[in-house]
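Coordinate-derived values only; no laboratory data. Since the structure is predicted, the reported quantities are computational estimates derived from the model, not experimental observations. Here the Cβ is made from the backbone with ideal geometry for all residues, glycine too, and neighbour counts use every protein chain on show.
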2 protein chains.
Amino acid sequence: MISNVLVAMVALLTAAKLGGALAERLGQPAVLGELLAGVALGALPLRGVGGLAFVATDTTIESLAGLGVILLLFEVGLATRLADLMKVGLSALLVAAIGVVVPMILGFLVGQWLLPGRHWFSALFLGATLCATSVGITARVLTDLGRVATPEGQIILGAAVIDDIMGLIVLAVMAGLAGGGAAAAGGAAWIGAAVVTGKAVLFIVGSLVAGRALAPRLFRLASRLHGKGVVFTSALVTCFALAWAAEAVGLAPIVGAFAAGLVLEGVPFAELLPEGDRLEDLLMPLSSVLVPLFFVHMGAQVKLPELAGGSVILAMALTVAAIVGKQACALAVVTRCADRLTVGLGMIPRGEVGLIFAGMGLTLKMDGQPLLSSGEFAAVVAMVLLTTVITPPLLRWRLGGSPGPAPILVLDP
Amino acid sequence: MISNVLVAMVALLTAAKLGGALAERLGQPAVLGELLAGVALGALPLRGVGGLAFVATDTTIESLAGLGVILLLFEVGLATRLADLMKVGLSALLVAAIGVVVPMILGFLVGQWLLPGRHWFSALFLGATLCATSVGITARVLTDLGRVATPEGQIILGAAVIDDIMGLIVLAVMAGLAGGGAAAAGGAAWIGAAVVTGKAVLFIVGSLVAGRALAPRLFRLASRLHGKGVVFTSALVTCFALAWAAEAVGLAPIVGAFAAGLVLEGVPFAELLPEGDRLEDLLMPLSSVLVPLFFVHMGAQVKLPELAGGSVILAMALTVAAIVGKQACALAVVTRCADRLTVGLGMIPRGEVGLIFAGMGLTLKMDGQPLLSSGEFAAVVAMVLLTTVITPPLLRWRLGGSPGPAPILVLDP
């Protein structure tokens, strides 16, 4: 229903802009205000204002929000040079690896400590929910502060891509182990993990190599059509196509969108677009609507009673493990001049991947019992929310001291 | 599913730009190519390429397309001055009235002639499917040719708004008559019609008067938030809110979007937006994606077998009645210097309202028989398609001779 979509857009955009502006007044990043405005909007049905309950569940709004975060990572990819990313490659790889392993161990220990009666595999699964960084929040803060192109920004972005692949591997191994009984299916689980890893690596390397070779030619061809908006639309089509392809191989769509941004580095947009237009400027009105929509919608997904009903101590312990675990990443930064604490803070937010893991834990069974109880699930949701909300002010605090260059991407029209 | 949305966006945007560019090469408006590319895409499932069948039915894509035509009419409203519209008010009123009555009479006669066995009310209902102009196509062609602000453009736009209200009245009367038996419910039907008319007129007058008084103040207040993109987002929120309100009183959402454009006439965007930015330029990237999406999606809705299966003679006769009937409008143009034929041609396209009527005709029953058979429904669909496809080349032909001023709205980035 278009009328539902219209009402939801009015409510979400108004909440996003009010929350964002208020947060900026208080010296916080706009994204924090958008998230909290979303939480407030999502809590309205609890207070008897039921008319807006569909805002959090409408599938069209969900898709629009999904396009928002895809556009955000596309913009971040456009602002990133592949050569810069390669330079910090070793740091990014180490950061990602440590950022997966250490939080998983800490989460496992939290599980062993607070859930003594449960199977050790449940505790390991709980640890796995802590492993994947959600780069959306960090990308947004870096974008707003104009720090995408800094060494820290590049390390975080590179690590986030590798992190997503590692998350896939962990997911495949866990699902294989749980499916066949921990001991029996060991071999099959590792083969499955090798297959998903191969597909993911092949996608990233393949799309970058083939895309960078073909894109300039294809865009020249497209520009010869002389149609209105052909070049701009071609850029969006590239973004959407690679986001889809990433999802098809099991990666997050945003990894494909980021790759699309890198692919278009060699396309001479200054020649191909009507004079005076820059691709970034053309994307900006689209993203200035859809990106805040993503974050306010993310906030509206939070179900406060579920959080309150969860095991509060478990939620706190998991959050501490999640934060401390990613600070270990800082030790892995081998790039000179890169601020280690910034990298550690930037890796804190957990997002959809943690929730996907937790959702699987509700349905997967070991010895006839679900891997995660509903209380444990709620604790994971609380951890995701807390790590998400804590990151923008922390990054702002760390980066605020030394003003960076002029913003590379300005989301403001 | 975000992956469905991504694939559909890739397919629809590629088809739209290829079709649009090809049409422009052939000297035709881009919108004709977009429509036909959509028809081709919609026909793929028939040829065994079933993977893209969801493109025409996905609800998210449908909503995005709906937002596209809403944005188009918002842009057209922004390019329109209320004073200019008032100047041609009498012409617009006469054009709308004659454009509703004459096609309805002609359609009734076609029904009486080709369907001799049916109840007279079925023939009248068939006539009613011909009464409402769909302004999307004409607005797009006028926009592309930079003719929105001409007297002809203003008459067509004004008439389209009045036409939508008259369509509502006819719909209310028809539904009332069919519901209660033609003779018995006569009184109730007219009361129902008076109520919907009152609501619609109240909405248009109320939103214009209150909106134009409040908008400048509200936008100044919003701009004081100093948030990124607040002013631009406020404009979109105004558009979406009025589109929603229009639908809530039974009008088409595009009437509300057009009204929103008129409401914002007095807002000093040049002061409120960051320097150098114009609202039209900020809207352009959004609309250059979503507007073609609407037209290619509209084309993809066409079900070719349904058309082929319909009564071909009835379809032809209805199409002729639809075209000839709206040419009578030309006689009603009392504004000096306005080209009558342009107005007549611009009123030709029928759209969703005709289809809504036809859909009701399938379910409403009189004497235990549906008002329209499935063959008659298909004939109405064929009439909608033919009047839609024929208008862009006709308008281009009529307007192409005398080059207008520089385009007011350029949809091209």
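The Cα-based radius of gyration and maximum Cα-Cα distance (Dmax) for the protein assembly as shown are 28.9, 89 Å.
With the largest listed first and rounded to whole Å, the semi-axes of the equivalent ellipsoid of the range B:134-176 from the Cα gyration tensor are 27, 10, 4. Among B:Lys87, A:Lys365, a tally of other beta-carbon atoms within 10 Å of each Cβ gives an order, fewest to most, of A:Lys365, B:Lys87.
Of the cross-linked pairs A:Lys17/B:Lys303; A:Lys199/A:Lys326; B:Lys87/B:Lys365; A:Lys17/B:Lys87, which ones have a Cα-Cα span greater than 32 Å in the structure shown?
Those over the limit are A:Lys17/B:Lys303; B:Lys87/B:Lys365; A:Lys17/B:Lys87.
Placing dummy labels 7 Å off each Cα toward the beta-carbon, the span from B:Asp367 to B:Val312 is 3.1 nm.
Only alpha carbons enter this Debye calculation for chain A, each as an equal point scatterer, and the log10 of I(q)/I(0) it gives at q = 0.07, 0.14 Å⁻¹ is -0.32, -1.33. Using Cα-only point scatterers and the Debye equation, what is log10 of I(q)/I(0) for the range B:202-324 at each q in 0.09, 0.12, 0.16, 0.21 Å⁻¹, rounded to two decimals? With one equal scatterer per Cα and no solvent, log10 I(q)/I(0) is -0.41, -0.62, -0.88, -1.20.
The distance between label points at A:Ile191 and B:Leu26 comes to 5.5 nm (points 7 Å beyond Cα on the Cα→Cβ vector). The same position B:Leu221 in the other copies lies at 5.4 nm from this copy, comparing label points 7 Å beyond Cα toward the beta-carbon, shortest first.
Extension gain, B:Val101-B:Ala43: 0.36 nm per intervening residue step, less the Cα-Cα distance, totals 17.4 nm. When only the Cβ of Lys, Arg, Asp and Glu is charged (+1, +1, -1, -1), the dipole of the protein assembly as shown relative to its Cα centre reaches about 120 debye. A simple count of charges around A:Leu32, restricted to other residues whose Cβ falls under 15 Å of its Cβ and scoring Lys, Arg +1 and Asp, Glu -1, yields +3. Checking every one of the trypsin sites (Lys or Arg not before Pro) in the range B:203-254 against DSSP loop status and a limit of 15 other Cβ atoms within 10 Å picks out B:Arg224. Rounded to the nearest Hz, the phi-derived 3J(HN,Hα) couplings of the range A:140-145 under the Karplus curve 6.51 cos²θ - 1.76 cosθ + 1.60 (θ = phi - 60°) are 5, 5, 4, 5, 4, 8, where x marks glycine and proline. Using a 7 Å projection from Cα along Cα-to-Cβ, the label point at A:Thr57 is separated from the same position in the remaining copies by 2.3 nm, smallest value first.
Here B:Phe258, A:Phe54 are placed in order of increasing Cβ neighbour count within 10 Å, fewest first, which gives A:Phe54, B:Phe258. Computed over all pairs of different Cα atoms, the Kirkwood value for the hydrodynamic radius of the range A:78-153 is 14.4 Å. For the range B:237-298, a Kirkwood radius taken over Cα pairs fed into Stokes-Einstein (10 °C, viscosity 1.306 mPa s) yields D = 121 µm²/s.
Thinking of the range B:143-263 as a set of Cα atoms, what percent of all their pairs are more than 26 Å apart?
Percentage above 26 Å: 37.
Would you work out if the range B:23-125 is rounded, prolate or oblate? Take a ≥ b ≥ c from the square roots of the eigenvalues of the alpha-carbon gyration tensor; rounded if a/c is under 1.5, else prolate when a/b is larger than b/c, oblate otherwise. Taking the square roots of the gyration eigenvalues as a ≥ b ≥ c, the range B:23-125 is oblate.
All other residues whose Cβ lies under 15 angstrom from that of B:Ala246 are scored, Lys and Arg at +1 and Asp and Glu at -1, for a net of -3.
Other residues with beta-carbon under 12 Å from the beta-carbon of B:Lys87 carry, at +1 per Lys or Arg and -1 per Asp or Glu, a net charge of +1. With neighbours defined as other Cβ atoms within 10 Å of a residue's Cβ, the residues B:Ile156, A:Ile61, B:Ile356 order from fewest to most as B:Ile356, A:Ile61, B:Ile156.
The simple spin-label model puts a point 7 Å past each Cα toward its Cβ; for B:Phe54 and A:Thr59 those points are separated by 0.8 nm.
Taking the charge dipole of the protein assembly as shown about its Cα centre, with +1 at Lys and Arg Cβ atoms and -1 at Asp and Glu Cβ atoms, the residue from A:Ala382, B:Gly153, B:Gln327 reaching farthest to the positive side is B:Gly153.
Here the sum of -39500 (n - 2.57) over DSSP H runs of 4 or more residues, divided by the residues of chain B, equals -24500 deg cm²/dmol at 222 nm, to the nearest 500.
Can you give me the Cα centroid spacing of the range A:199-272 and the range A:334-399 in angstrom? Cα centroid to Cα centroid, the span is 30 Å.
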